[in-house]
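The next block holds one structure in the form of structure tokens; read it before the comments.
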Amino acid sequence: MPEPITSTAGSASLAVVAVALLGPLAGPYVVIVFAALAGSLRALSSTQTITRSAGAWLVLRCTTLAVVLTSGVSEYLASAYGVAPGDSMAPVALAIGALGNGWKPVFSALSDGVAMLAARLLKKAEGAEGAEK
Amino acid sequence: MTLIHEILCVAMLWGAFCRLVRCNHMTRAGIRFAFFLIGFAACAGIAQPLRAGWEPSVFELSLLIGVVTMQLVTAPRWRDGVPAKFQAGGQP
């Protein structure tokens, strides 16, 4: 990640102020926060929100969740597929933010996958038992 | 220049947010996608000054001014919610 700088005009951007306040780790977190914020706008666009505060609450929830989950998912992608965490952070945060309230299908897909795996293992174990007999 | 760029990006993000709050699943997908892209570009723009040596050009600033002006001018049409033409089933 490039070194953060202030402009020649001496004006400090929000991101530069964040780096100054939070230290060198602020860089990746700024990327995660803004990517998640952008993703949460997709969730906001398809959700029925009555007030701005309700919309802001949804965006805040999505962004916070993305901030919490992104580094873990990026680490997993790095260990499993060799994708550099720096490269995967922004897309992962964007995807998590964009999911918004749509976690139900993800969890049901995960539980379906686990159930299928368990059934396959059970079948394999029964097959092995039958062969022994 | 950077400060002006940041202010314009925040204004653009706010404009997109206010419209997306009004949108729902009945709003035309193209309209929702357009405002999502505007919000996405605004978020990317806010984070741009993190890049070393980056300075906004006059062209980028003029584009931002154009988008923000367009949002300001069309804001009254969104006061009562999504304009009917942008809702599914409305006149295209």
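Among B:A11, B:A34, B:A75, B:A44, which is the only one that is at the interface with chain A (Cβ under 8 Å from one of its Cβ atoms), surrounded by fewer than 21 Cβ atoms within 10 Å (Cβ to Cβ) and at negative phi? That would be B:A44, the only listed residue that is at the interface with chain A (Cβ under 8 Å from one of its Cβ atoms), surrounded by fewer than 21 Cβ atoms within 10 Å (Cβ to Cβ) and at negative phi. The set of residues from segment B:19-31 being facing chain A (nearest Cβ under 7 Å) and either buried (at least 23 other Cβ atoms within 10 Å of the Cβ) or in a helix (DSSP H, G or I) (or both) comprises B:L20, B:V21, B:C23. Filtering B:P56, B:P83, B:P49 for residues that are in contact with a His (Cβ under 7 Å, 6 or more places away or on another chain) and surrounded by 13 or more Cβ atoms within 10 Å (Cβ to Cβ) leaves a single hit, B:P56.
Only one of the listed residues (A:A18, A:A12, A:A98) is surrounded by 15 or more Cβ atoms within 10 Å (Cβ to Cβ), at pLDDT 80 or above, closer than 21 Å to B:V10 by Cα and within 13 Å of chain B (Cβ to nearest Cβ). That residue is A:A98.
Looking only at segment A:48-80, count how many residues are within 7 Å of another protein chain (Cβ to nearest Cβ) and surrounded by 14 or more Cβ atoms within 10 Å (Cβ to Cβ). Full working, then the answer.
Residues of segment A:48-80 within 7 Å of another protein chain (Cβ to nearest Cβ): A:48-49, A:52, A:55.
Now drop any that are not surrounded by 14 or more Cβ atoms within 10 Å (Cβ to Cβ), which leaves A:49, A:55.
Of the residues in segment A:48-80, 2 are within 7 Å of another protein chain (Cβ to nearest Cβ) and surrounded by 14 or more Cβ atoms within 10 Å (Cβ to Cβ).
Which of the residues spanning segment A:27-47 are over 20 Å from B:I38 (Cα atoms) and more than 9 Å from every other protein chain (Cβ to nearest Cβ)? Give the steps one after another, and end with the answer.
Taking segment A:27-47 as the starting set, the residues that turn out to be over 20 Å from B:I38 (Cα atoms) are A:27-29.
Matches in segment A:27-47: A:P28, A:Y29.
The values are calculated or read from the model by the stated rules, or taken from the named source; none is laboratory data. None of the values given here were measured: they were computed from a predicted structure. Backbone-built Cβ (ideal geometry, glycine too); neighbour counts: all protein chains shown.
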